[in-house]
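Everything below concerns the one structure shown next.
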Amino acid sequence: MKDPGELETDDASPRGQGAIGTGLSWSDLAILMAASVLAFVVYPSPLWSTEPGSSHVLRFAVSYLGVIPLAAAMQYYRGRAFDLKGLTAAVLIVWATKMLVTVGVWDRMAKSVRAPLEPPAPAHLVRADHTEYQAVAGFSGRRLSGRVVDAEGRPLAGALVSLGGVSTGKPFPPDVLSAKSVLSIGPTRFEPRVVVVAAGAKLALRNDDAKSAVLRGTEHGRTVNNVPLVADGPERVLKPSSPGLIRFVRTDQPETAPGWVWVVGTPYYAVTDERGGFVLEHAPEGNIVVTVDHLPEGAVDATTVETPISEPGDQDVRISLTRSRD
């Protein structure tokens, strides 16, 4: 029989015990944990749709710190009073349980996110002649020159001319290997639109926009780089090592036209001038292939023509560029 002078206490009130001395019921704690996990999964964006390399600091901060005011409000609603010890216990219990739950959520969602594959690269970009190149000091060879024109015979400026089937030849000029090429992203486009860089040389990615950006680089249809760039922040320097074409897109602004980086594996390359002209000095003798690649404004891939040369000595060639595929 209870003492008439003894006051009853509600187990779920702050002044009572509640679940493990929290002043809240088990259902209250379950609601707190569910709200915290939900905030972690969907704020500031759905976890399953985030880009690789994205920051999750805000996601963690909101999902953990948001428990404190919510638990305090529930505690006050239950008992019309606050109990600091009970509130601390409730918050710590929810945090610990949430950590165990979100480890599994993170593993299934965030770590399994992969950037979508780009359309397969044109077959000519997956070349079999990218063998190890051996530079020979003092190498002397022939002179290859010529002009590149479009299908209507007009000079084609800005096309990349390179040699295939070359395993031995002159070394890269020292200033080429030590130089730093820059690909910059602005509010509406990349500048310059096409960059040529020697394999192993520095490529700097820079953000000249007023807001942060994430750049994704793809090669042969697979993602090779995901680079977050803070607005007006430092450059990110890469060193591409494999010859080929890298297509950079802005994932946070997909309507922006892509930027292109040609990575060349030998010093035998040139960009055509306004007359479509090019010169390659000290090219080796033997059977070689003059490859011309062009990326016109708005292109989704390169237009390529390969011209075999087997005659010895200096050569002057005229190359008409037509699309190698529809």
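Computed from the coordinates by the stated procedures, all read-outs in this text should not be read as laboratory data. Note that the structure is a prediction, hence the values are computed from the model and not measured. Counting neighbours? That spans all protein chains shown, and the Cβs are built from the backbone with ideal geometry, glycine included.
Numbers below:
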item	result
Cα-derived Rg to Rh of region 19-108, Kirkwood definition	1.03
Label-point gap, in nm, between ALA135 and LEU65 - each point 7 angstrom along Cα→Cβ	5.2 nm
Efficiency of FRET from Cβ geometry, GLU281 and THR88, R₀ 51 Å, rounded to 0.05	0.10
Modelled FRET efficiency - R0 56 Å, SER241 with ALA81, Cβ distances, 0.05 increments	0.30
For a label point 7 Å along the Cα-to-beta-carbon line of SER145, residues of region 254-283 with backbone N under 13 Å	277-282
Average Cα contact separation per residue, region 175-326, under 8 Å, 6 or more apart, as relative contact order %	18 percent
Gain upon complete extension [ALA204, LYS180; 0.36 nm per residue less C-alpha separation]	8.0 nm
Sparse-neighbourhood loop sites, chymotrypsin sites (Phe, Trp or Tyr not before Pro) in region 67-105 - DSSP loop, at most 15 other Cβ within 10 angstrom	PHE82
Spacing of the two label points (7 Å from each Cα toward its C-beta) at ASN226 and TYR43, in nm	2.4 nm
At R0 = 56 Å, FRET efficiency that the Cβ-Cβ distance of VAL271 and THR97 yields, to 0.05	0.40
By average C-beta atoms within 10 angstrom, highest first, the peptides 304-315, 249-260	249-260, 304-315
Approximate shape of region 123-320 as ellipsoid semi-axes (Cα gyration tensor, √5λ), whole Å, largest first	31, 19, 14
Ratio of Rg to Rh over region 175-253 (Cα coordinates, Kirkwood Rh, two decimals)	0.94
